[in-house]
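**Student:** One structure is given below, represented as structure tokens, and several questions about it will come after.
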């Protein structure tokens, strides 16, 4: 009986422990969300980021792929850095004027071929990723 009471008390104490005790935080992650998936759009362009790399396309037919993606987190947003494409994601809501009523969770700045473009983005499933 004493063993059962001791075991029960241990379970109660574990259940009462704060989530910080059970899930310690060590600061921002230095790895990208897994699986890596992010979409961004702008006036006449789109960017897809996947585990296999980044693909940038314009409505005029320009397409550039970058097989290497380095994920650099920061408190206000993240950077996806490739050898040809850089995407800076800011955690600020965004909508494309004149296109549709979609509100995206992020403002995105893309640099490709020495040209900087601004648009909107978010994960393809429509949910922002944790932690932010």
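Here, each number is a calculation from the coordinates, and none is a lab measurement. Note that the structure is predicted; figures quoted are calculated from it, not measured. Every residue, glycine among them, receives a Cβ derived from its backbone with ideal geometry; neighbour counts consider all protein chains shown.
**Student:** Can you figure out the FRET efficiency of residue 113 with residue 51, using R₀ = 35 Å and their beta-carbon distance, to the nearest 0.05?
**Tutor:** 0.90
**Student:** So what are the three principal axis dimensions of region 28-122 from its Cα atoms, in whole Å, longest to shortest?
**Tutor:** Computed over region 28-122, the largest-to-smallest principal extents equal 36, 27, 23 Å.
**Student:** At a Förster radius of 35 Å, what calculated FRET efficiency corresponds to the Cβ-Cβ distance of residue 70 and residue 101, to the nearest 0.05?
**Tutor:** 0.55
**Student:** Per-residue counts of other Cβ atoms within 10 Å, averaged by peptide: what ranking do you get for 98-107, 79-88, highest first?
**Tutor:** Order by mean packing, descending: 79-88, 98-107.
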